[in-house]
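Undergrad: What follows is a structure written as C-alpha cells; I'll ask about it next.
Taken together, the values in this text are just the output of simple stated rules run on the coordinates, not laboratory data. As the structure is a computational prediction, the values presented were derived from the model and not from experiment. No Cβ is skipped: glycine too gets one built from the backbone with ideal geometry, and neighbour counts run over all protein chains shown.
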Amino acid sequence: MDDHPVSARSVQIQQAESFRMLFDFARKSGYQERRLEPGVLDFTFGDPHELPQPSYVKALREAALPKDELWFAYKFSQVSAQAAAADSLSRHLGVTWPPDRIRMTTGGFGAIATSLKSVADPGDEVIFSLPPWFLYESLALEAGLMPVKVRIDPQTFDLDLAAIEAAITPRTRVVIVNTPNNPTGRIYPEATLRALAGLLDAASARHGRRIYLISDEPYNRLVFDGARFVSPAQFYPHTLLCYSYGKTLLSPGQRLGYLALPPSMPQEVADAVIEAVESVQIAAGWLFPNNVMQYATPRLEELSIDVAHLQAKRDFMVAGLRALGYELETPEATFYLFPRSPVPDDESFVRLLSDLGVLVMPGRIFETPGFFRICITATMESIEASLPRFATALAQARGG
Ligand code: PMP
C-alpha cells in the first residue's frame, strides 16, 4: 500500500523555503493571537488596521442587492467590470485598453496562478528575481513548473538583466516581474523594462519559443512623490498584466483582481491566451471573482486608500529609523520598507523586536537574509509608538 496521505506536489510546496517560513509564521507561530495582544505593534502583512472607508462598504452593499433573478447565477467576467478595469488601465498607462482583453480574477493570486497555467506546461521554467514576493515559488510548483531564481542588483534594487539573460534556457517559458516591488518599494525604470523586452524578444527568437512576461503589479496605484509608474506591458507585447484591488483598497480578503493582455499582443495570440485563461479558470475550480465583487468594480475603481497619508507614514518612519541609525532606501511605492538588519542574522533580530512587541518579517522569508520588512498599513500612532522600541532593539543588537 502506498501510505502517503497527501500528494508529492503538496509536500514539495510545503518544503519550498519561503513558503514553509511564511506558513509557519502565519499559521503556527501564534502570530494570529499575538497581533491582537494589547500593546503589540503589527507591521507584518498588508492588512487593514482601521475600519474600511464607508464608500467602500456602500459599494459592496449596493452590489449585493439583487436586481434580477440571475444576480447570483454562475457568471464569467462581467462586461461592466472589464470596462471599468480597461478604462482605468487606459487612463493610468496612456494606452487605449480594449475591455475584451481583460479577465476578472480572484485577486492577484488568481491572476498569476491562471496566467502560469495558461501559458506554461509542467517542467517549463519560470524565472523571477530575489527578493521575490514569497509565493511565486509555491505558485510555480503548484502548476508543476520549475522556479528559477536570480538576484536583483543589491545596490540599486533594480533588475539584474545580465542575471536574467544568463538564467534563460530553451525551457524558459515565463519571466515574472514585480513592479512596484514588494518588498523593496522600487519602481523599475522604463529603460530597464525596454531592455528586458529586447532581451526576451531575442531569447525567444534564439530558442524558437516565445517567452511570456507576467507583470505582477498590484501596487501600481500606490506610488509616491508624483512618480510615474510604467508597466512592462507597455514595452513587451507578450505580457500578462496581473492586478489586485486588495492593495489599492486595502481589503485583501475581498478577492478581486484581473489579468490583462496589452493591445500590442498579436490578435491570434491574444485570442488563444484568453480562451486558455477562461478554460483554466473553470478547470482549476471556478476561479472567477464572486458576482458581488464584479458588480461593485465600477464603483471600486473610483476609490483608493489615502496615498498622501501613506506617503506621510513612509516619510515619518524612514526619517525616524534613519535618525536611529538604521540603513534603508526610501521606497518609491507600495506600503513596505526594507531596512538592513543591524546584525547579519535577520531572524534573531526579528525575534528581538518581537520580544519588544514589534512584529516584522525577516528577510529570509524573501530569501534575502540581512534585511527585514516593515509594512506601514499600521496606523501613524503605531508607527510613532514603534520608534523607541526600534531604538532599544538596535542598542540591544549592537550591545550583544
Ligand atoms: N503580488 C504581490 C507582489 C503581492 O504583494 C501580493 C499580496 N501580498 C499579491 C501578488 C497577491 O495579491 P492578492 O492577495 O490581493 O491576490
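Undergrad: In whole percent, what relative contact order does segment 151-192 give with Cα contacts below 8 Å and a gap of six or more residues?
TA: Relative contact order of segment 151-192: 35 percent.
Undergrad: Can you sort E17, E329 from fewest to most other Cβ atoms within 10 Å of each residue's own Cβ?
TA: In increasing order of surrounding Cβ atoms, one gets E17, E329.
Undergrad: Quick check on segment 80-294: what does the Kirkwood estimate of hydrodynamic radius come out to from the alpha carbon pairs, in Å?
TA: After inverting the pairwise mean of 1/r, the radius is 17.1 Å.
Undergrad: Separate question: Read phi for every residue in segment 32-48 and hand back ³J(HN,Hα) as whole Hz from Karplus 6.51 cos²θ - 1.76 cosθ + 1.60, θ = phi - 60°, with x for Gly and Pro.
TA: 4, 7, 4, 5, 8, 5, x, x, 7, 9, 9, 10, 8, 8, x, 9, x
Undergrad: Assuming a ≥ b ≥ c are the square roots of the Cα gyration tensor eigenvalues, decide whether segment 144-239 counts as rounded (a/c under 1.5), prolate (otherwise, with a/b larger than b/c) or oblate.
TA: Details: a/c = 1.88, a/b = 1.65, b/c = 1.14.
In terms of gyration-tensor shape, prolate.
Undergrad: Sequence gap at least 6, Cα distance under 8 Å: using those rules, report the relative contact order of the chain to the nearest whole percent.
TA: For the chain, the relative contact order is 23 percent.
Undergrad: Within 10 Å of each residue's Cβ, count the other Cβ atoms and sort L300, L70 from fewest upward.
TA: L70, L300
Undergrad: Continuing with this model, one more query. Largest first and in whole Å, what are the equivalent-ellipsoid semi-axes of the chain based on the Cα gyration tensor, each being the root of 5 times an eigenvalue?
TA: Equivalent ellipsoid of the chain: 33, 26, 22 Å, largest first.
Undergrad: Something else now. May I ask for the distance between the Cα centers of segment 105-157 and segment 368-394, given as a whole number of Å?
TA: First find each Cα centre; the distance between them is then 29 Å.
Undergrad: Can you classify segment 1-109 as rounded, prolate or oblate using the Cα gyration tensor, where a ≥ b ≥ c are the square roots of its eigenvalues, rounded means a/c under 1.5, and otherwise it's prolate if a/b beats b/c and oblate if not? Can you show the working numbers first?
TA: Numbers: a/c = 1.94, a/b = 1.45, b/c = 1.34.
Cα axes put segment 1-109 in the prolate bin.
Undergrad: Right, next: With a 10 Å Cβ neighbour count serving as the proxy for reagent exposure, in which order, fewest first, do F72, F288, F23 appear? Please report the intermediate quantities before stating the final value.
TA: Details: F72 12, F288 20, F23 16.
Arranged by neighbour count, lowest to highest, F72, F288, F23 become F72, F23, F288.
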